[in-house]
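A quick write-up on the structure given underneath.
The values are calculated or read from the model by the stated rules, or taken from the named source; none is laboratory data. If you're wondering where the values come from, they're calculated on a predicted model, not measured in any experiment. Cβ sites come from the backbone with ideal geometry, for glycine too, and all protein chains shown count toward neighbours.
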Amino acid sequence: MPIVSISLSEDNIKALDKVQKAHRLNGRSEAMRVCIRSAEAEVRDRESLKGEVEGVLIVVHGTHGAPDLEDLSHYYQEVVATQIHSHLRNHKCLEVFIVRGPADPVQEMIASFQKEDQIDYVKFVQS
């Protein structure tokens, strides 16, 4: 197998070690392969969205009122039917979006949220 060198933050390393332990893997390389397979499956799911799409987008973030997140939700308002904001424990916030519209902007919205460093979790469930 080829060896690939990557740079990870301390939080990334903690998360990787958590994956390794949860899956009872022998090392970080195995954990990275599991993470890549999981991400690949998610990309396939997102790419399969075609035509008119309806579903729920779940977002958890650690900073209440982050301007970037507000900008993102407003930018995609054409596909947001409903948005619910709730305060969670440990200074986290939950955003639940009911989205409805063409697949392209929905896919872009999901990708935009996933790119944000301030976001801890993003999951789209198609109805």
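Which condition number does Ile36 fail, the rest of (1) assigned by TED's automatic domain parsing to the domain that holds Pro102; (2) out of contact with any strand residue (DSSP E or B) (no Cβ under 7 Å at 6 or more places or on another chain); (3) β-branched (Val, Ile, Thr) being met?
Going through the list (1) assigned by TED's automatic domain parsing to the domain that holds Pro102; (2) out of contact with any strand residue (DSSP E or B) (no Cβ under 7 Å at 6 or more places or on another chain); (3) β-branched (Val, Ile, Thr), Ile36 breaks only (1).
Looking at Asp117, Asp68 in this structure, which one is among the charged types (D, E, K, R), out of contact with any Leu (no Cβ under 8 Å at 6 or more places or on another chain), under 30 Å from Leu8 (Cα atoms) and without any contact (Cβ under 8 Å) to a residue 24 or more places away in the chain?
Asp117
Among the numbered criteria (1) of a type in the set (Lys, Arg); (2) over 23 Å from Gly51 (Cβ atoms); (3) in a strand (DSSP E or B), which single criterion is violated by Lys123?
Going through the list (1) of a type in the set (Lys, Arg); (2) over 23 Å from Gly51 (Cβ atoms); (3) in a strand (DSSP E or B), Lys123 breaks only (2).
So that you can scan it fast, the table gives a plain yes or no per residue for (1) touching a Leu at 6+ places or on another chain (Cβ under 6 Å); (2) of a type outside the set (D, E, K, R); (3) closer than 27 Å to Pro2 by Cβ:
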{"position": "Lys14", "(1), (2), (3)": "no, no, yes"}
{"position": "Val19", "(1), (2), (3)": "no, yes, yes"}
{"position": "Ala22", "(1), (2), (3)": "no, yes, yes"}
{"position": "Ser29", "(1), (2), (3)": "no, yes, yes"}
{"position": "Ala41", "(1), (2), (3)": "no, yes, yes"}
{"position": "Val56", "(1), (2), (3)": "no, yes, no"}
{"position": "Gln77", "(1), (2), (3)": "no, yes, no"}
{"position": "Val80", "(1), (2), (3)": "no, yes, no"}
{"position": "Phe113", "(1), (2), (3)": "no, yes, no"}
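Among the residues of the stretch 13-51, how many are surrounded by 12 or more Cβ atoms within 10 Å (Cβ to Cβ) and among the polar types (S, T, N, Q)?
Adding up the residues that qualify gives 2.
Can Gly101 be described as in contact with a helix residue (DSSP H, G or I) (Cβ under 8 Å, 6 or more places away or on another chain) and at positive phi?
For Gly101, the condition - in contact with a helix residue (DSSP H, G or I) (Cβ under 8 Å, 6 or more places away or on another chain) and at positive phi - is not met.
The conditions are (1) modelled with pLDDT of 90 or more; (2) loosely packed, with under 10 Cβ neighbours inside 10 Å, and Asn90 fails exactly one of them. Which is it?
(1)
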